[in-house]
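**Q** Mind looking over this structure? Questions follow.
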Ligand code: CP
Ligand code: NVA
């Protein structure tokens, strides 16, 4: 297996894997809080290994005969494609249930849905609204459940982000990551947890109204105290972005939020746009990351509508930064597939041995 790093926790993850001690078979993947640093690093190593195999054209279809259900109560490009391609590469079949194509929550309870799908599939992906829904699905499911995004967390995105950061810098521990914009939603919350778990320094640089919830901040500070990472919340762009290795952001209005909120969000967050000044303040070493989709120009229907209504041409990130050599967004997007493949492989019992 490739990808063993020099940092202590990574070395341990590799050793555990070689000795066969890291068994994630049967586990759900609902949020990173449920996973230890060693388990997260193990999944990154497995993703790196699967990525290498894919590049070399080595088949990894060891899960032939299995099938997975992909439930999307919100739309998706990356997550859906990543699950479908990854499942196919592993030899599995997929069934996609779109936002209008299932009875879930409408005519059939989450618990009944979980029990029905467990009888037909070896794994279930769920993208939707409250975290409590995916937690309930997992509670009643007899097969692993993977969170493809909820309002609160986006854990598969985190593995892709971590793999991308590690590929670029060579390590995670000690990396300074600043998140700008809406830090109280799925991506901001999850990046804070990822940093705390893996010893990275997380800064939420935004209006205090958009800081992550106090209880999650407290939990992450406690975890960071043990990992060597840190959690900082600041409204000051100058100090919040100075020297950052990674500047990350996300859309200012997330899926499921009402359109009426755009005016307030633009007013609240315009000072926290990732632009050239921010990147220069961070320094030449800094990279830009975004889970995508991004509003960096007016070439989307919503971007054009919002742009016309509020007189803006770019929102959370300028097109200049998005398209610059410091931007890792498309590497990050590709890594969704390799990391999701690792999650399915590990929880469904992939084995090299
Ligand atoms: N980053 C992400 O989750 O993208 P999709 O919404 O396209 O799946
Ligand atoms: N915060 C965004 C993430 C999209 C991948 C949303 O929930 O819409």
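**Q** Over the range 294-353, what is the mean sequence separation of C-alpha contacts under 8 Å (at least six apart), divided by residue count, expressed as relative contact order in percent?
**A** About 27 percent, as a whole number.
**Q** At 0.36 nm per residue, minus the direct Cα-Cα distance, what do residue 239 and residue 116 gain on full extension? Give it in nm, one decimal, please.
**A** Value of the extension gain: 39.1 nm.
**Q** Rounded to the nearest 500, what is the chain's calculated 222 nm mean residue ellipticity when only DSSP H runs of at least 4 contribute -39500 (n - 2.57) each, over all residues?
**A** That calculation yields -13500 deg cm²/dmol at 222 nm.
**Q** Here is a follow-up. Find, to one decimal place in angstroms, the Kirkwood hydrodynamic radius of the chain, where the mean of 1/r is taken over every pair of different Cα atoms and then inverted.
**A** 20.6 Å
**Q** Going by C-beta contacts inside 10 Å, put 176, 242, 80 in order with the fewest on the left.
**A** 242, 80, 176
**Q** Can you tell me how much longer the chain between residue 75 and residue 214 gets when fully stretched, taken as 0.36 nm per residue apart minus their C-alpha distance, in nm with one decimal? Before the final figure, lay out each step's value.
**A** Values: separation 139, 0.36 × 139 = 50.04 nm, distance 2.92 nm.
The span from residue 75 to residue 214 would gain 47.1 nm if fully extended.
**Q** Pick from 258, 212, 99 the residue whose mean-square fluctuation is largest in a GNM of the chain, springs joining Cα atoms under 10 Å.
**A** Among 258, 212, 99, the largest mean-square fluctuation in the Gaussian network model of the chain belongs to 258.
**Q** Run the simple label-point estimate for residue 25 and residue 259 please: 7 Å along Cα→C-beta, distance reported in nm.
**A** Placing both labels 7 Å along Cα→Cβ, they lie 5.1 nm apart.
**Q** Let me ask something else. Sort largest first and round to whole Å: the equivalent ellipsoid semi-axes of the range 22-76, each the square root of five times a Cα gyration tensor eigenvalue. All intermediate terms of the calculation are to be shown ahead of the outcome.
**A** Values: eigenvalues 90, 74, 34 Å².
Semi-axes, largest first: 21, 19, 13 Å.
**Q** So how much slack lies between residue 64 and residue 129, counting 0.36 nm per residue of separation and subtracting their Cα-Cα distance, in nm?
**A** The residue 64-residue 129 span can extend by a further 20.3 nm.
**Q** Output the relative contact order of the chain, whole-number percent, from Cα pairs under 8 angstrom with separation of 6+ residues.
**A** For the chain, the relative contact order is 19 percent.
**Q** Compare 238, 108, 39 in a GNM of the chain, Cα atoms joined below 10 Å, and give the one with the largest fluctuation.
**A** With Cα springs under 10 Å in the chain, the top fluctuation among 238, 108, 39 is at 108.
**Q** Give me 292, 63 ranked fewest to most by other Cβ atoms within 10 Å of their Cβ, as a rough exposure proxy.
**A** Taking fewest neighbouring Cβ atoms as first place, the list is 292, 63.
**Q** Another question, if that's okay. Using mean Cβ contacts within 10 Å as the protection proxy, how do 199-209, 259-269 order, highest first?
**A** Working: 199-209: 22.1, 259-269: 14.8.
Those peptides, ordered most packed to least, come out 199-209, 259-269.
FYI, it's all coordinate maths here, none of it is from the lab. On a predicted model such as this, the values are computed, not experimentally measured, just so you know. Here Cβ is always computed from backbone atoms with ideal geometry, including for glycine, and neighbour counts include all displayed protein chains.
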